[in-house]
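Down below is the structure, laid out as structure tokens.
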Amino acid sequence: MAASCVALAALSLCLPLLLLVAWKRWRRGRAARHVAVVVLGDVGRSPRMQYHALSLAKRGFSVTLLGFCNSKPHEELLQSDRIQIVGLTELQRLTVGPHILQYGVKVVFQAVHLLWRLMCREPAAYIFLQNPPGLPAIAVCWFVGCLCGSKLVIDWHNYGYSIMGLVHGPSHPLVLLAKWYEKLCGRLSHLNLCVTNAMREDLAENWGIKAVTVYDKPASFFKETPLDLQHQLFMKLGRTYSAFRARPGPLDPATERSAFTEQDPRSGTVMHLHGRPALLVSSTSWTEDEDFSILLAALEKFEQLILDGESLPSLVCVITGSADLGVCLHKSSSGLDLPMKVVDMFGCCLPVCAVNFPCLHELVKHEENGLVFEDSEELAVQLQMLLSEFPDPAGKLSQFRVNLRESEQLRWDESWKQTVLPLLMDT
């Protein structure tokens, strides 16, 4: 009797799932132009997956984008009538029990929640998944694909276990478990994309996974900011931050001036201010693979050079915005991914000084579109060299910018059309 009750209970639980699977498979033929894009993270801070969604939509696919909705995605994505954003619930970290138990509860919750969200959606021809994070998303997306006939496409941005290793150490049991899982489940995909040739080779040699390199490219909305818009931005920032305000001195009351620009009151023409400071920008994701102490130490050395009598401009350093020079402090946890912030800076024709790691040469060409440094000492020397002639248009910094303008960089959508779209058409 007890066994019968258990069997009946199990059947009552499985029957709705079986009916849902049957219904979704019946609808499968009508979903050939539908794609699910999955990010087990903040959609607004996942530009590459947003770009995938936009490129798919432009090619006639309907797209369901699933992820955490903590920050606002790009406006073009929000305006698309072919893209639906479905929010995932983010389980806040538990405060009781051992750490491994907390992590286990989070993984189980995410697995069940993601499974439910995917199964309640229209069946998809493809499931595009960002990795990392891939635990538990790879297994869940593969399982849904098996049930609904969807093909799993993993976009390898990095290795999740290598990021965990920065926090816990490479030999921690959680890190070893994550590596085993990632290596095992990564082979379950139908297609694999990755961000560098170095990662493609590593996936093939050490993981037995064949991938196609799809380099990050700037979206079409990344471009040089016109001087009049720069002036508006500087004037707005000046109301909050004194570094952007004009220096005290004789000033025509009708002239609008920031620390970097001034606008002629008669013609409305905006010009760079004579003797203006240089503006250095360094965006950051505030992760363990970025060491900002390098930049701070280099700025201290730069300031000491000025105090010692070197003819160098004042320097304003901000964490984001239009600038004269970019600094990238990203060190890949795996040594196989590239900093997207540099891609965006290049899209705006902004030269970059970047800290070196093994595959950086696939993006930053030393002495062509920027410079590569090893430590704060070398960065300080590069800042001195680049800014000693500032803002001379014949200087090396200006030449880097000219090189970027003349390189006719391929934009994301055109690159996607050449590399990813043929893969979808062939399957």
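The values are calculated or read from the model by the stated rules, or taken from the named source; none is laboratory data. Everything numeric in this text was worked out from a predicted model, so none of it was measured. Glycine gets a Cβ as well: all are built from the backbone with ideal geometry, and neighbour counts include every protein chain shown. To get the accessible areas, we keep the full protein, side chains included, count just its heavy atoms, and leave off ligands, DNA and RNA. Shrake-Rupley method; radii C 1.70, N 1.55, O 1.52, S 1.80 Å.
Overview of results
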item: Qualifying positions in segment 43-64 - assigned to a strand (DSSP E or B) and open to solvent by less than 20 Å² (accessible area, probe 1.4 Å); result: VAL63, THR64
item: Pick from segment 142-181, criterion touching a Ser or Thr at 6+ places or on another chain (Cβ under 6 Å) and part of a loop (DSSP other than H, G, I, E, B), ranking: surrounded by the most Cβ atoms within 10 Å (Cβ to Cβ); result: TYR159
item: Complete set of residues in segment 374-392 that are touching a residue at least 24 places away in the same chain (Cβ under 8 Å) and either in contact with a strand residue (DSSP E or B) (Cβ under 7 Å, 6 or more places away or on another chain) or within 19 Å of ASP324 (Cα to Cα) (or both); result: LEU379, ALA380, GLN382, LEU383, GLN384, LEU386, LEU387, SER388, PHE390, PRO391
item: Condition met for LYS331 (among the basic types (Lys, Arg) and over 21 Å from ASP155 (Cβ atoms)); result: yes
item: Answer residue from segment 405-426, given it is over 16 Å from TYR215 (Cβ atoms) and among the aliphatic types (A, V, I, L, M) and is farthest from the chain's Cα centre (by Cα) among those; result: MET425
item: Close pairs (6 angstrom Cβ cut-off, 6 or more residues apart or separate chains): more than 10 Å from ASP42 (Cβ to Cβ) in segment 61-78, surrounded by fewer than 20 Cβ atoms within 10 Å (Cβ to Cβ) and of a type in the set (Val, Ile, Thr) anywhere; result: THR64/VAL86; LEU65/ILE85; LEU66/VAL86
item: Answer residue from segment 231-247, given it is surrounded by fewer than 16 Cβ atoms within 10 Å (Cβ to Cβ) and part of a loop (DSSP other than H, G, I, E, B) and is modelled with the lowest pLDDT among those; result: ARG247
item: Sole residue being touching a Pro at 6+ places or on another chain (Cβ under 8 Å) and surrounded by 14 or more Cβ atoms within 10 Å (Cβ to Cβ), chosen from GLN84, GLN110, GLN130, GLN102; result: GLN110
item: VAL281 being under 22 Å from PHE244 (Cβ atoms) and either open to solvent by 20 Å² or more (accessible area, probe 1.4 Å) or under 19 Å from the mean Cα position of the chain (by Cα) (or both); result: yes
item: Inter-residue pairs, beta-carbon under 6 Å, first farther than 15 Å from ASP337 by Cα and in segment 157-173, second β-branched (Val, Ile, Thr), 6+ apart; result: MET164/VAL175; GLY165/VAL175; HIS168/VAL175
item: Filter result for the condition that a residue is among the polar types (S, T, N, Q) and under 22 Å from HIS274 (Cβ atoms), over GLN382, GLN399; result: GLN399
item: Criterion: of a type in the set (D, E, K, R) and more than 19 Å from ALA32 (Cβ to Cβ) - qualifying residue of LYS58, LYS72, LYS151; result: LYS72
item: Residue check for LEU115: open to solvent by less than 80 Å² (accessible area, probe 1.4 Å), over 22 Å from the mean Cα position of the chain (by Cα) and at pLDDT below 95; result: yes
item: Single residue of segment 73-91 satisfying the filter (among the polar types (S, T, N, Q) and in contact with a helix residue (DSSP H, G or I) (Cβ under 9 Å, 6 or more places away or on another chain)) that is nearest to GLN50 (Cα to Cα); result: SER80
item: Answer from LEU152, LEU147 - the residue that is over 18 Å from LEU88 (Cα atoms) and modelled with pLDDT of 95 or more; result: LEU152
item: Residue that is farthest from PRO358 (Cα to Cα) [pool: residues in segment 321-342 that are outside any loop (DSSP other than H, G, I, E, B) and either among the basic types (Lys, Arg) or open to solvent by 20 Å² or more (accessible area, probe 1.4 Å) (or both)]; result: LYS341
item: Members of segment 343-358 found to be touching a residue at least 40 places away in the same chain (Cβ under 8 Å) and open to solvent by less than 70 Å² (accessible area, probe 1.4 Å), listed by number; result: VAL343, ASP344, MET345, PHE346, GLY347, CYS348, CYS349, LEU350, PRO351, VAL355
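Rundown of residues vs (1) surrounded by fewer than 19 Cβ atoms within 10 Å (Cβ to Cβ); (2) in a loop (DSSP other than H, G, I, E, B); (3) at pLDDT 90 or above, yes/no style:
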{"site": "TYR215", "(1), (2), (3)": "yes, yes, yes"}
{"site": "SER220", "(1), (2), (3)": "yes, yes, no"}
{"site": "THR225", "(1), (2), (3)": "yes, yes, no"}
{"site": "LEU229", "(1), (2), (3)": "yes, no, yes"}
{"site": "GLY249", "(1), (2), (3)": "yes, yes, no"}
{"site": "ASP252", "(1), (2), (3)": "yes, yes, no"}
{"site": "GLU262", "(1), (2), (3)": "no, no, yes"}
